1. How would you rank B:D158, A:D24, going from fewest to most other Cβ atoms within 10 Å of each one's own Cβ?
2. Between copies, how far does the label point of A:E34 sit from its twins, in nm, shortest first, when each point is 7 Å from Cα along Cα→Cβ?
3. Which whole number gives the average count of other chain Cβ atoms within 10 Å of the Cβ atoms across peptide B:33-43?
4. Take the Cα of B:K252, step 7 Å along the line toward its Cβ, and report every residue of the range B:208-242 whose backbone nitrogen sits under 17 Å from that point.
5. Taking the Cα centre as origin and putting +1 on Lys and Arg beta-carbons and -1 on Asp and Glu beta-carbons, what dipole magnitude results for the range A:136-225, to the nearest 20 debye?
6. Using a 10 Å cut-off around each Cβ, can you sort B:K37, A:K59 from fewest to most neighbouring Cβ atoms?
7. According to a simple spin-label model (label point 7 Å from Cα along Cα-to-Cβ), what is the distance in nm between B:N201 and B:R227?
8. With a point put 7 Å past each Cα toward its Cβ, work out how far A:E154 is from B:E154 in nm, to one decimal.
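Readers should treat all values here as calculations from the given coordinates under stated rules, not as data from a laboratory. What you see is a predicted model; the values in this text were computed from it and never measured. Neighbour counts run over all protein chains shown; Cβ positions are idealised from the backbone, glycine included.
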Protein chains: 2
Amino acid sequence: MAAGKKIVQCVPNFSEGRDFDKIDKIVSPLRGKEGVKLLNYEADKDYNRVVVTVIGEPKAVKNAVVEAVGVASEVIDMTKHEGQHSRMGASDVVPFIPIKNMTMTEAIELAKETGKEISEKYNIPIFLYEKAATKPARENLAKVRKGQFEGMAEKLKDPEWKPDFGEAKIHPTAGVTAVGARMPLVAYNIDLDTDNIEIANRIARTIRHSGGGYRFIKAGGVEIPERRITQVTMNLTDYTKTAIYRAFEAVKMEAKRYGVNVLGSEIVGLVPMEALIDTASYYLGLYGFSMDKVLETSLME
Amino acid sequence: MAAGKKIVQCVPNFSEGRDFDKIDKIVSPLRGKEGVKLLNYEADKDYNRVVVTVIGEPKAVKNAVVEAVGVASEVIDMTKHEGQHSRMGASDVVPFIPIKNMTMTEAIELAKETGKEISEKYNIPIFLYEKAATKPARENLAKVRKGQFEGMAEKLKDPEWKPDFGEAKIHPTAGVTAVGARMPLVAYNIDLDTDNIEIANRIARTIRHSGGGYRFIKAGGVEIPERRITQVTMNLTDYTKTAIYRAFEAVKMEAKRYGVNVLGSEIVGLVPMEALIDTASYYLGLYGFSMDKVLETSLME
């Protein structure tokens with residue numbers, strides 16, 4: 001059987017969450033293109049930001065996203081932008097996520113090509129971030145974006161923050177864009193039968209990376225007052241290395257210490273098939289299993 | 001989002017497992033057709049039979065399979081056929097399995113159209129079986145095939161066994177074909193840490209339908225002498241109603257009675273994504289989950 005088609009996901013964030021005419025113009029290049037599928041877009045008025053999800057063939061996705069970035073640089077004026085979410089550009093972040101038959105190295109390559117093209121076409125300086133970062137200090141998006149649009153002109157003068165592509169000069173209205181590559185995120189919440197937020201927070205601290213827990217878990221506690229329970233809310237940032245079942249069993253184990261039970265769990269947004277099948281495989285003690293055995297795999301090649 | 005493309009699987013069994021020239025001719029119409037994907041074919045010399053798996057768009061799959069049945073009726077002569085597997089026709093059975101965006105009712109309809117076309121084009125009488133059966137006595141393939149090729153001419157004279165399509169007269173060299181619709185089978189084995197086959201047999205009897213167990217489990221015990229263990233070997237004939245995790249937990253529960261542990265399990269052949277994701281969902285206590293949340297679902301539409 002021939003090697004399967006490469007599939008990449010891209011989740012660009014644009015700094016417009018209120019004017020639906022403008023949002024429509026930005027999203028328009030991502031519609032009806034051969035090899036590109038617009039999965040959804042969600043605008044947030046408070047954030048004044050829209051998060052778009054597309055999926056498809058790497059080249060086709062890259063071309064469509066570059067086009068959308070061009071439109072965003074025309075319709076968004078960052079000197080007039082207000083919103084609760086931190087942001088530094090009209091096209092704020094453009095992460096690529098390898099989905100099928102594609103390595104992280106290839107996703108990084110695609111991010112670099114995209115960044116280069118954006119800077120050349122629209123004179124927008126580019127920072128490469130996360131897995132595509134060229135220096136450790138640029139891996140963390142929060143650090144890259146620190147200073148936000150208003151502080152970027154100054155920040156770029158620091159040789160430490162010379163852009164990866166383009167000149168060290170912000171685009172007057174479109175600012176700066178971060179282009180990167182990352183693993184698919186799994187947003188995962190576990191319900192605890194306690195309304196004591198302190199317990200949820202403590203469990204979250206134990207299992208997350210920053211607290212000495214699993215390498216690819218980010219976690220916090222959250223109250224769900226209408227159900228009189230709390231949740232451990234997580235981002236699993238690399239499910240191939242920190243699996244869903246591991247997060248689940250870790251929370252269960254820690255909850256015991258407080259005499260608290262796990263009630264169930266919830267996946268927010270999309271999840272790669274493999275993340276759940278690996279979980280089934282763990283609980284069934286499956287051996288000799290590979291994703292080729294999943295009937296649907298043959299439908300995606 | 002528009003309704004997704006319908007995907008059907010078809011697993012025709014042809015009565016030739018030795019002559020690879022003939023097998024190649026039979027399989028040939030299933031190759032390289034728009035909307036049809038040949039997943040694999042496995043010939044068995046002792047059975048003198050080949051099992052072919054194709055998947056794709058219903059109409060395209062139907063047309064290609066009808067064509068293959070035509071070739072089989074030309075290259076196989078059942079009057080000269082020998083093999084250990086029971087059989088009644090050159091194209092012995094043609095089951096359709098709804099895979100995506102397709103109901104069982106639609107698969108049954110497709111089986112009927114296929115059966116009608118085969119009988120009209122090649123003068124082969126057709127029995128509809130399993131979910132496509134027109135009488136309860138025809139649901140079970142073993143009953144339909146009873147008497148085999150050699151006894152079919154006589155069997156068809158019984159009004160009870162009037163074919164669903166075509167005249168009550170076998171095709172002189174191609175015999176009779178059964179066309180049907182069924183759920184995807186999941187072939188599933190569970191390892192026990194005992195070499196006592198009696199224990200495996202007893203567990204199998206308790207959990208299978210015929211022994212008072214789950215409705216859609218067929219099961220037996222089997223020895224794996226090279227590993228000094230035994231297995232409960234199963235066919236789950238409708239995983240949407242008798243789930244994989246249920247079979248697993250049932251075997252674990254019964255094994256306790258004998259002080260025997262479950263070592264792990266194994267899926268043989270292909271398994272629908274949903275069967276495993278449902279299992280993950282059970283163990284994680286997932287709520288608010290639907291298959292739309294699986295990223296790959298959007299790649300198959």
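1. Working: B:D158 9, A:D24 13.
Listing B:D158, A:D24 from fewest to most nearby Cβ atoms yields B:D158, A:D24.
2. Counterpart label points of A:E34 in the remaining copies fall at 1.5 nm.
3. Mean shielding count: 1.
4. B:232
5. Values: 14 positive and 12 negative charges, 88 e Å.
So the magnitude is around 420 debye.
6. By the 10 Å Cβ count, ascending, the order reads A:K59, B:K37.
7. Between B:R227 and B:N201, the label points sit 2.1 nm apart.
8. Reported label-point gap for A:E154 and B:E154 is 10.0 nm.
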